[in-house]
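Laboratory data are not the source of any read-out in this text; all were calculated from the coordinates shown. None of these values were measured; they are calculated from a predicted model. Cβ atoms come from the backbone with ideal geometry, glycine included; neighbour counts cover every protein chain shown.
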Amino acid sequence: MAHYFENDDTLRRNEMKHLVQIKGHDFSFWTDSGVFSKKGLDFGTRTLLDAFLEENRSGNVLDFGCGYGPIGIAISALTDSIVTMIDINQRSIEMAKKNAIQNNVSVTIKESNFYENIESTYDYIVTNPPIRVGKESLYHILINAKDYLNDGGELWFVIHKDQGAKTTARDMETYYHVEIVTKNKGFYIIRCKKK
Ligand SMILES: C[S@@+](CC[C@H](N)C(=O)[O-])C[C@H]1O[C@@H](n2cnc3c(N)ncnc32)[C@H](O)[C@@H]1O
């Protein structure tokens, strides 16, 4: 079976529209087969957004692995941020573009394998990272984020305790000032501030 992050044009289309409230605001998101969490907003993503949007954070934001776009679109709609969204998966890019229009936000969305098409630096990199790609790729995403952060910039990510949240947070201490912002039903929200 193909993973959601692999490009698979043969996968039958199954577009679905979901109405979602984030911080009391209404969003509608199209999802499709071959895209992460096609049944609607993932609980880990919601927990990450709730924590990130708790305070008035804004700036240049990179949504790494945007999928159908909930993180970047919500941050763009609810803060004064300038948002860039990337994903390796073409169908995800297509859905994210459709959802940006659907939710009336102006964001930059582009295809990128890891950081290969990223030329800027950001105040925040926010991600529900791909876990099934394996630890080496996960750590590549998390550790290399520091090269795309401005001074004082922060990487925010969500990871479940069963996916190694505690170990990952500890391992990131080599590269960042790490804080576990909150936990909900086993999902850890981890903030890594550039040293
Ligand atoms: C767990 S999903 C999160 C999707 C979306 N942000 C959400 O919260 O619903 C991780 C995303 O990372 C993308 N991804 C996987 N490997 C990647 C890579 N090497 N470069 C960029 N994106 C990648 C996948 O296609 C997928 O959309």
Checklist outcome for this item: For the table Lys17/Lys135; Lys38/Lys110; Lys110/Lys161; Lys17/Lys183; Lys39/Lys97, the rows whose alpha-carbon distance is greater than 27 Å are Lys17/Lys135; Lys110/Lys161; Lys17/Lys183
Checklist outcome for this item: With the dipole of the chain defined by +1 on each Lys or Arg Cβ and -1 on each Asp or Glu Cβ, the option from Leu62, Ile109, Ser92 whose Cα lies farthest towards the positive pole is Ser92
Checklist outcome for this item: When Glu173, Glu136 are ranked with the fewest other C-beta atoms within 10 Å first, the list becomes Glu136, Glu173
Next on the checklist: Starting from 0.36 nm per residue, how many nanometres of slack lie between Ser33 and Gln21 once their C-alpha separation is accounted for?
Outcome noted: 2.1 nm
Checklist entry - With +1 on each Lys and Arg Cβ and -1 on each Asp and Glu Cβ, how big is the dipole of the chain about its Cα centre, in debye rounded to the nearest 20? => result 580 debye
Checklist outcome for this item: Bridge orientation stat for the chain from DSSP, antiparallel percent rounded to 5, came to 55 percent
Checklist entry - Each residue of the stretch 170-184 in turn: what ³J(HN,Hα) in whole Hz from Karplus with 6.51, -1.76, 1.60 and θ = phi - 60°, glycine and Pro shown as x? => result 5, 4, 6, 5, 5, 10, 9, 7, 10, 9, 8, 6, 6, 9, 8
Next on the checklist: Using the crude model of +1 on Lys and Arg Cβ and -1 on Asp and Glu Cβ, and no other charge, please compute the dipole size for the stretch 1-63 relative to its Cα centre, in debye to 20.
Outcome noted: 200 debye
Item to check | Added length on full extension, which subtracts the Cα-Cα distance from 0.36 nm per residue, Asn7 to Asn117 | outcome: 37.8 nm
Next on the checklist: Within a 10 angstrom radius of the beta carbon, how do Ser76, Ser106 rank from fewest other beta carbons to most?
Outcome noted: Ser106, Ser76
Checklist outcome for this item: Here the convex hull volume per residue of the stretch 38-168, taken over Cα atoms and given in Å³, is 110 Å³
Checklist entry - Going by how many other beta carbons lie within 10 Å of each one, how would you line up Asp9, Asp87, fewest first? => result Asp9, Asp87
